[in-house]
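Scroll down for the structure; my scribbles are underneath it.
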Amino acid sequence: MNIASELLKWKGKAEITVKAPGRINLIGEHTDYNLGFVLPAAIDKYIYFAFRKNNSSEEVNLKSLDFCDEYTALLSNIQKSEKTWANYMLGILSQMLNENCLISGFDCVIGGDIPIGSGLSSSAALECGFAFGINKLFGLHYDKMGIAKLGQASENNFLGIKSGILDQFSSVFGKQGHAMKLDCRSMDYEYIPIALKTHSFALINTNVKHSHLTSGYNDRANTCFESVAILNEKIGNIRSLRDVSIEQLNKNKNYLSVIQYKRSNFIINENLRLHSFVKAMENNNVTDMGQLLFETHIGLSQDYEVSCEESDLIVNLSKLEEPVVGARMMGGGFGGCVLLLCRNEGKKDALDRICLKYKTQTEINPEVYHVNLVEGVSLV
Ligand code: GLA
């Protein structure tokens with residue numbers, strides 16, 4: 001995409017251009033805001049940005065190619081608008097202004113190929129690419145972690161989503177051919193090469209996005225935080241579900257509601273599964289990796305209750321296909337992509353069969369994506 005020429009046609013010559021990738025998450029779902037571990041990788045689907053300063057002290061002109069839409073904001077009065085795509089960018093501006101950044105007027109065009117609402121974090125790419133570009137354009141002080149944290153803070157404070165750092169971290173810190181094991185409490189991370197010999201990952205987009213994504217997400221986060229408060233009273237020294245063992249959870253089960261117990265149980269097990277998955281990956285044990293993915297899906301669907309009929313259907317259909325060794329819904333939930341781990345031999349036919357059956361049963365056209373693991377946000 002020649003994003004600079006789009007800015008030229010609209011306002012004038014670009015000073016900088018940026019691209020920010022989407023992400024997959026191999027395992028470790030909903031563990032980030034519970035200060036556990038995640039295992040994401042940045043993928044070769046991007047949002048592109050072109051920026052130029054304009055002569056105004058406070059006029060910010062934004063244009064989305066994908067939405068064929070424009071929005072003008074004034075730096076002295078940044079507020080949520082009725083345009084969702086613009087709000088992700090306004091959130092970054094608001095956060096930067098709160099942090100006393102010196103910014104003046106500028107123009108920015110965006111466009112990309114990360115399918116929206118598919119669980120591939122187009123929103124984090126939008127936030128992080130935008131923050132990265134402004135940081136460069138105005139010579140601000142943010143380092144990589146600062147950019148990721150700006151994105152998360154803007155979701156938490158401006159958009160009212162209680163999200164963790166998974167998506168923004170992935171879009172900023174991605175590394176070619178690698179996944180990243182991130183400890184969401186200490187923010188320590190490790191790059192792990194993905195070099196499977198006979199197998200590879202694929203995505204099937206259910207092409208459904210259920211509207212209760214934000215409310216459902218915040219509800220899950222609140223339930224976890226309530227459980228932490230209760231368990232802290234009973235056990236002491238519990239600041240997040242990260243601090244609770246399965247034994248402790250079971251011992252204190254009676255103090256929790258059924259929902260609090262089920263959701264906490266999922267999170268604690270999901271962290272354990274992530275460590276087993278990393279070990280299996282290091283040993284090239286794809287059977288164990290696949291099994292763990294199926295287990296995560298059952299937990300997400302039955303205990304955490306963030307799946308939906310369509311994602312469950314893809315996972316169930318994939319269990320009938322011998323080349324598919326594991327599958328699970330990915331991301332926040334309520335639709336979006338399913339991640340599959342497949343043997344390369346027979347992979348294409350298996351994916352075709354799953355898609356055909358899905359389409360027959362739902363009358364929805366799914367999409368298959370084969371993605372490469374790439375570097376995080378950068379200038380282009
Ligand atoms: C969304 C959120 C992330 C993370 C995932 C679930 O993508 O933005 O912070 O919680 O859901 O793992």
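Structure values in brief
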quantity: Count of residues meeting criterion [under 26 Å from the mean Cα position of the chain (by Cα) and either away from the ligand (no atom under 16 Å from the Cβ) or closer than 11 Å to ASN34 by Cβ (or both)] in the stretch 209-244; calculated: 14
quantity: Wholly enclosed strands (runs of 3 or more DSSP E) of the stretch 270-380 bearing at least 1 residues within 16 Å of the ligand (Cβ to nearest atom); calculated: 324-329, 335-343
quantity: Condition check for GLY139: more than 16 Å from the ligand (Cβ to nearest atom) and at pLDDT 95 or above; calculated: yes
quantity: Any hit, the stretch 170-190, residues being part of a helix (DSSP H, G or I), surrounded by 16 or more Cβ atoms within 10 Å (Cβ to Cβ) and among the polar types (S, T, N, Q); calculated: yes
quantity: Any hit, the stretch 127-134, residues being farther than 15 Å from ILE24 by Cβ, assigned to a helix (DSSP H, G or I) and aromatic (Phe, Trp, Tyr); calculated: yes
quantity: Condition broken by LYS149, with the remaining ones in (1) open to solvent by less than 10 Å² (accessible area, probe 1.4 Å); (2) within 13 Å of the ligand (Cβ to nearest atom) satisfied; calculated: (1)
quantity: Hits in the stretch 264-304 - residues which are among the polar types (S, T, N, Q) and open to solvent by 20 Å² or more (accessible area, probe 1.4 Å); calculated: ASN265, ASN269, SER276, ASN283, ASN284, ASN285, THR287, GLN291, SER301, GLN302
quantity: Verdict on GLU127 being closer than 16 Å to TYR33 by Cβ and within 11 Å of the ligand (Cβ to nearest atom); calculated: no
quantity: Checking ILE116 against (1) at pLDDT below 95; (2) β-branched (Val, Ile, Thr); (3) away from the ligand (no atom under 16 Å from the Cβ), the condition it does not meet; calculated: (3)
quantity: Flag if TYR33 is within 16 Å of the ligand (Cβ to nearest atom) and among the hydroxyl-bearing types (Ser, Thr, Tyr); calculated: yes
quantity: Candidates ILE92, ILE43, ILE24, filtered to the one that is outside any strand (DSSP E or B) and under 19 Å from the mean Cα position of the chain (by Cα); calculated: ILE92
quantity: All positions within the stretch 195-217 that are closer than 27 Å to PHE132 by Cα and surrounded by fewer than 19 Cβ atoms within 10 Å (Cβ to Cβ); calculated: THR214
quantity: Failed criterion for THR206 (all others in (1) part of a helix (DSSP H, G or I); (2) within 30 Å of ILE364 (Cα to Cα) hold); calculated: (1)
quantity: Residue list for the stretch 9-22, filter: open to solvent by 10 Å² or more (accessible area, probe 1.4 Å) and either under 24 Å from ASP167 (Cα atoms) or touching a helix residue (DSSP H, G or I) at 6+ places or on another chain (Cβ under 8 Å) (or both); calculated: LYS13, ALA14, GLU15, ILE16, THR17, LYS19
quantity: Restricting the stretch 25-60 to residues that are among the polar types (S, T, N, Q) and open to solvent by 10 Å² or more (accessible area, probe 1.4 Å), the residue that is nearest to GLY112 (Cα to Cα); calculated: ASN54
quantity: Residues (open to solvent by 20 Å² or more (accessible area, probe 1.4 Å) and either within 14 Å of the ligand (Cβ to nearest atom) or not in a loop (DSSP other than H, G, I, E, B) (or both)) located in the stretch 96-111; calculated: LEU97, ASN98
quantity: Near pairs, Cβ below 6 angstrom, 6+ apart or cross-chain, from the stretch 126-154 (over 27 Å from ASN55 (Cβ atoms)) to any residue that is surrounded by 24 or more Cβ atoms within 10 Å (Cβ to Cβ) and polar (S, T, N, Q); calculated: CYS128/GLN168; CYS128/SER171; ALA148/GLN168; GLY151/GLN168; GLN152/GLN168
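The values are calculated or read from the model by the stated rules, or taken from the named source; none is laboratory data. A quick note: this is a predicted structure, and the numbers were derived from the prediction, not measured. All Cβ positions, glycine included, derive from the backbone under ideal geometry; neighbour counts span all protein chains shown. Heads up: the accessible areas ignore ligands, DNA and RNA and are worked out on the full protein's heavy atoms, side chains in. Shrake-Rupley method; radii C 1.70, N 1.55, O 1.52, S 1.80 Å.
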